[in-house]
């Protein structure tokens, strides 16, 4: 059973600290999800005695991606936050060591790789085998897009 | 630092009494677990578990020393390329290179990722591609025997 | 779908395929491709000929396939089936692409 709780950004560190004090002492991960316009920061903690889990989330507007760093509350948060920072473009304020963790260089597009706006260029460049053609194209009500590919990526594609 | 993390491990194929196949396994990602599953299943026998046998580290092949196959198991990511090249450069001579699983063969489900090399054949010539995500240990055995001409 | 089905290879039953393209469009790896054309079929008693899709070529690139089984699950006509064979390594990259006949032959051995 995983306990799931969404907390306001102002309560983020307090909620993590309370969870830790309640026995969820082991940090499994910190990551984020791009909800488009809003980025949801996720922390999963485990109680090592009961194996129960607790998932805490907080929502941050995509144009103000600043979240207080949990590294003062949870040992082990530092690396997760460094990865989440570079992958989602979030600034973890008060982080003791905010260097990138995995990416050797910033993405050429300027968009952090795990944000929805970051195009999977290979999927844009390669012809999708599911593209309707011939008679099917004339019948198709609207152009179909492959799963996981966004409209805004295709609009940047060079016309064939 | 990363360069020293990657090393090949040595095995012997236990499947066929008539052919001696030596396996050097370079595990890069989850498919490496399936190579270990082949050990658990008794398909591969760790070479260092047989101290009386001739070690396969010698850089020069001896005639009749068995068929030697380098098995690359797992995703080749761009940051790993120098480490993979270093590991390949240090390997003993082999008769064939085997790409084990979709990632080593083509990039697999990560073919769209900007940080994934679409197949280890971009780095080293491959003689046998084993499909699967992951392939089962028996697929490794069959591919090794097929390479060895059995 | 049972959790114990052997995910060795995917067999195509060409006669069952109606070229609906659902498997191609649902495949996360983009490893399925279908070529087809349309034919008009006149049936006795029918006022107008019927247009049907005819399968020309069905390929699965097992080099890219992640054996998720979504294609097998979504096929409305049960034209794709799991088979236990695992022994089909290839000496070349393109040897992992199985065409209609090869896909149809899986399961017959």
Practice task
For a footprinting-style exposure proxy, rank A:65, C:80, A:45, B:140 by other Cβ within 10 Å, fewest first.
Solution key: A:65, C:80, A:45, B:140
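Round to the nearest 0.05 the FRET efficiency obtained for residue A:117 and residue C:39 when R0 = 51 Å and r is the Cβ-Cβ distance.
Details: r = 44 Å, r/R0 = 0.86.
With R0 = 51 Å, the Cβ-Cβ based efficiency is 0.70.
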Exercise for the section: Consider just the alpha-carbon atoms of chain A and return their Rg together with their Dmax, both in angstrom. Expected result: 19.8, 64
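As a test, work out the antiparallel percent of DSSP beta bridges whose residues both lie in the protein assembly as shown, rounded to the nearest 5.
That works out to approximately 65 percent antiparallel.
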Problem - Label-point gap, in nm, between residue A:104 and residue B:33 - each point 7 angstrom along Cα→Cβ - result: 2.7 nm
Practice task
Could you work out the equivalent-ellipsoid semi-axes for the range C:9-105, taking the square root of 5 times each eigenvalue of the Cα gyration tensor, largest first, in whole Å?
Solution key: 29, 13, 12
Practice task
With N denoting the number of residues in the protein assembly as shown, provide Rg(C-alpha) divided by 2.2 N^0.38 Å, to two decimal places.
Solution key: 1.17
Completion exercise
Scattering profile of the range A:2-93 from the Debye formula, Cα beads only, expressed as log10 I(q)/I(0) at q = 0.16, 0.22, 0.24 Å⁻¹, is -0.57, -1.06, -1.25
Exercise for the section: Just tell me how shielded C:35-46 is by partners: mean number of partner chain Cβ atoms within 10 Å of each residue's Cβ, no decimals. Expected result: 1
Problem - Per-residue average of Cβ from other chains inside 10 Å of B:100-110 - result: 5
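Given a cut-off of under 8 Å on Cα pairs at least six residues apart, what relative contact order in percent is computed for chain A?
The normalised contact order for chain A reaches 17 percent.
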Completion exercise
Note: B:112-120 gets an average of partner chain Cβ contacts (10 Å, Cβ to Cβ) equal to 4
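Per-residue counts of other Cβ atoms within 10 Å, averaged by peptide: what ranking do you get for A:81-91, A:145-155, highest first?
The packing order, highest mean first, is A:81-91, A:145-155.
Just so you know, all these numbers are worked out from the coordinates, no wet-lab data involved. Remember, predicted model here, so these are calculated numbers, not experimental data. No Cβ is skipped: glycine too gets one built from the backbone with ideal geometry, and neighbour counts run over all protein chains shown.
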